[in-house]
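Colleague: I'd like to ask some things about the structure below.
The values are calculated or read from the model by the stated rules, or taken from the named source; none is laboratory data. Computed from a predicted structure; not experimentally measured. When we count neighbours, we look across all protein chains shown, and the Cβ atoms used for this are built from the backbone with ideal geometry, even at glycine.
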Amino acid sequence: MIHEDLQGFAADLPPMRALAGLDLGDKTIGVAVSDGFRSVATPLETIKRRKFTLDAARLQEILAERDIAGLILGLPRNMDGSEGPRCQSTRAFARNFARLWDGPIGFWDERLSTVAAERALLEADTTRKRRAEVIDHVAASYILQGALDRLRHIAADAEQKGQA
């Protein structure tokens, strides 16, 4: 099931299982995963894009190996918040992948995630070659971490309302 908002996504998630985050590019897919407590996002790998069926098969392997409960896709909005062709491509990927995998799929505004990842890698004095190898899955971890932080707030708000 595809969710436009994180509240619906959160409601669909089973407890104590990890999430995965994707940074979808034209040539690569950056993949990051969380721990079972959903507190920390870790860069995992970059999938070189070939055909959807091959990309989806590799992604399904990762999700199965790591017992992933939900998937967050970075939604590449324009700086003014509007959606362009890259957002349409991401939404199409989500629709196609939802036919193959029955876990919840959500979106996270990924504006500037690659910039943040690049800055972190530069601060870590990473070589240009190494940055090119890891930038996509580091960006995916920024996307996933943003969603994890928001999901924690959603859970805290729900808990607070339950106590009121």
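Colleague: Given the criteria surrounded by 15 or more Cβ atoms within 10 Å (Cβ to Cβ) and either in contact with a strand residue (DSSP E or B) (Cβ under 9 Å, 6 or more places away or on another chain) or modelled with pLDDT under 95 (or both), does Gly8 qualify? Spell out the reasoning first.
Modeller: Numbers: surrounded by 15 or more Cβ atoms within 10 Å (Cβ to Cβ): no; either in contact with a strand residue (DSSP E or B) (Cβ under 9 Å, 6 or more places away or on another chain) or modelled with pLDDT under 95 (or both): yes.
Judged against the criteria, Gly8 is not a match.
Colleague: If you go through segment 94-137 one residue at a time, how many are under 14 Å from Leu75 (Cα atoms), at pLDDT 95 or above, aliphatic (A, V, I, L, M) and surrounded by fewer than 16 Cβ atoms within 10 Å (Cβ to Cβ)?
Modeller: 0
Colleague: Going by what's in this entry, would Arg77 be described as part of a helix (DSSP H, G or I) and surrounded by fewer than 19 Cβ atoms within 10 Å (Cβ to Cβ)?
Modeller: Here the answer is no, as Arg77 does not meet what is asked.
Colleague: Answer yes or no as to whether Glu65 is within 14 Å of the chain's Cα centre (by Cα), surrounded by fewer than 19 Cβ atoms within 10 Å (Cβ to Cβ) and not aliphatic (A, V, I, L, M).
Modeller: Spelling it out, it is not the case that Glu65 is within 14 Å of the chain's Cα centre (by Cα), surrounded by fewer than 19 Cβ atoms within 10 Å (Cβ to Cβ) and not aliphatic (A, V, I, L, M).
Colleague: Enumerate the pairs (first residue in segment 58-80 and without any contact (Cβ under 8 Å) to a residue 24 or more places away in the chain and closer than 13 Å to Ala140 by Cβ; second residue anywhere and surrounded by fewer than 20 Cβ atoms within 10 Å (Cβ to Cβ) and not aliphatic (A, V, I, L, M)) with beta-carbon separation below 9 Å, excluding pairs fewer than 6 apart on the same chain, so at least 6 apart or on different chains.
Modeller: If the second residue must be surrounded by fewer than 20 Cβ atoms within 10 Å (Cβ to Cβ) and not aliphatic (A, V, I, L, M), no pairs are left.
Colleague: Considering only segment 31-44, I want to know if a residue exists there that is over 18 Å from Asp149 (Cβ atoms) and of a type outside the set (A, V, I, L, M, F, W, C).
Modeller: There is no residue in segment 31-44 that is over 18 Å from Asp149 (Cβ atoms) and of a type outside the set (A, V, I, L, M, F, W, C).
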